[in-house]
Amino acid sequence: MEQFIFYPLSLVCIVFAIGVIVNTSPISSAISLIGMMLGLAGLFVLLNAHLMAILQVLVYAGAIMVLFMFVIMLLNLKGDDEDWKSRGKNILLASLSGVFVITLLIKIIGDGFDSAVGKPAALSETFGTTAAVGELLFTDFVLPFEVASILLLVAMIGAVVLAKTKLN
Amino acid sequence: MVPLSHYLIVSSILFFIGVLGVLLRRNVIVVFMSVEIMLNAVNLSLIGFDRYLNQHDGQVFSFMVMAVAAAEVSVGLAIIISIFRKKPTINLDEFNLMKW
């Protein structure tokens with residue numbers, strides 16, 4: 001049953017991700033990106049990580065993409081046709097990274113990886129719930145959590161300062 | 001049950017698409033979105049490992065990735081706006097002030 005949801009969803013994710021980089025107009029890229037993020041949220045639900053799926057929709061597909069849309073509309077961008085002109089060095093780098101990905105995939109598929117990982121562990125009843133993740137966040141990872149709050153504060157101040165026309 | 005390797009394959013394909021976008025596109029906004037694709041791909045593999053090892057650490061990590069992504073996007077887009085004010089273009093090849 002699970003694979004009937006997994007394979008179409010991952011296909012949707014990959015197609016939308018390709019759509020992000022081949023679209024010439026930035027607004028269609030942004031809409032493709034929203035589609036990819038929603039597909040990934042579906043994959044997270046499939047992995048029983050319900051909190052992360054909700055956060056994916058709220059934070060990525062909601063907040064971050066609204067910011068992207070807002071900036072695209074603000075800058076009034078036109079799609080530029082010369083965007084895909086060839087740059088030798090970058091194409092070389094891109095094909096090199098493609099070779100890396102293919103070797104990685106061969107390694108993952110062919111090397112008895114799944115038998116080494118074995119069957120998935122028996123799922124505890126609280127897996128992926130807000131309570132379980134939150135408990136870990138406030139006990140073992142409380143310092144990174146506080147640092148993240150400072151990071152967000154600094155980013156907020158930085159964004160306000162950078163986008164201002166004139167500082168007094 | 002879908003094996004873990006299939007989640008990792010999807011994750012690495014998405015990451016590769018993000019790398020391609022960063023290397024081949026010159027539109028600043030699209031390059032930014034490709035970075036987001038890469039972050040999302042990493043989140044997928046973190047949560048996949050989490051599910052198969054029955055732990056919650058990876059979900060905390062991907063929570064942190066989301067926080068950093070939000071900070072990065074807000075600062076980055078503010079930088080793009082302030083550059084656009086000086087020079088009305090979004091082509092990365094024309095931003096060469098800090099190039100060595």
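What follows draws every value from the coordinates through simple rules; no lab data is involved. None of these values were measured; they are calculated from a predicted model. No Cβ is skipped: glycine too gets one built from the backbone with ideal geometry, and neighbour counts run over all protein chains shown.
If contacts are Cα pairs under 8 angstrom and at least 6 residues apart, what is the relative contact order of chain B in percent?
Values: 75 pairs, mean separation 27.6, N = 100.
With pairs under 8 Å counted, the relative contact order is 28 percent.
What's the exposure ranking of A:Val160, B:Val42, going from fewest to most Cβ atoms within 10 Å?
Working: A:Val160 11, B:Val42 16.
Listed from fewest to most nearby Cβ atoms, that is A:Val160, B:Val42.
A simple rule links phi to the HN-Hα coupling: the Karplus curve 6.51 cos²θ - 1.76 cosθ + 1.60 with θ = phi - 60°, which for the range A:131-139 gives 4, 5, 5, x, 4, 5, 5, 9, 10 Hz, with x for Gly and Pro.
For the range B:78-89, backbone phi angles converted through the Karplus equation (6.51, -1.76, 1.60; θ = phi - 60°) give residue-by-residue couplings of 5, 4, 4, 4, 6, 5, 4, 5, 6, 9, x, 8 Hz, Gly and Pro being listed as x. Simple rule: put +1 on each Lys or Arg Cβ and -1 on each Asp or Glu Cβ in the protein assembly as shown, find the dipole, and look at B:Ser5, A:Met1, B:Ala41; the Cα lying farthest toward the positive end is B:Ala41.
Partner chain Cβ atoms within 10 Å, averaged over the residues of B:34-40 - can you pull that number for me? Please list the in-between numbers first.
Values: counts 5, 0, 8, 10, 0, 1, 10.
Other-chain Cβ atoms within 10 Å of each residue's Cβ, averaged: 5.
Could you tell me the relative contact order of chain A? Use alpha-carbon pairs under 8 Å, at least six residues apart, and round to a whole percent. That works out to 19 percent.
Got a sec? How would B:Val60, A:Val12 order by Cβ neighbour count within 10 Å, fewest to most?
The fewest-first ordering by Cβ neighbours comes to A:Val12, B:Val60.
With +1 on each Lys and Arg Cβ and -1 on each Asp and Glu Cβ, and nothing else charged, work out how big the dipole of chain A is about its Cα centre, in Debye to the nearest 20.
Working: 8 positive and 11 negative charges, 125 e Å.
Taking the Cα centre of chain A as origin, the dipole is about 600 debye.
When the charge dipole of the protein assembly as shown is built from unit charges on Cβ atoms (+1 for Lys and Arg, -1 for Asp and Glu) and taken about the Cα centre, the candidate among A:Ile108, A:Ile72, A:Ile14 whose Cα reaches farthest toward its positive end is A:Ile72. Averaged over the residues of B:64-72, the number of partner chain Cβ atoms lying within 10 Å of the residue Cβ comes to 6. Legend: mean number of C-beta atoms from other chains within 10 angstrom of residue C-beta atoms, peptide A:67-76, equals 4.
Karplus-based coupling profile of the range B:16-26, in residue order and whole Hz: 5, 4, x, 4, 4, x, 5, 7, 9, 8, 10, with θ = phi - 60° in 6.51 cos²θ - 1.76 cosθ + 1.60 and x standing for Gly or Pro. Can you give me the Cα centroid spacing of the range A:119-168 and the range B:1-51 in angstrom? Here the two parts' Cα centres lie 21 Å apart.
The count of lysine pairs in the protein assembly as shown with alpha-carbon distances below 29 Å, taking only pairs 8 or more places apart or on different chains, stands at 22. In terms of its alpha-carbon gyration tensor, chain A comes out oblate; a/c meets the 1.5 threshold, while b/c is at least as large as a/b.
Can you put B:Glu36, B:Glu72, A:Glu135 in order, fewest other beta carbons within 10 Å first? Kindly include the intermediate steps, with their values, before the conclusion.
Working: B:Glu36 22, B:Glu72 17, A:Glu135 13.
Placing the least packed residue first, the sequence is A:Glu135, B:Glu72, B:Glu36.
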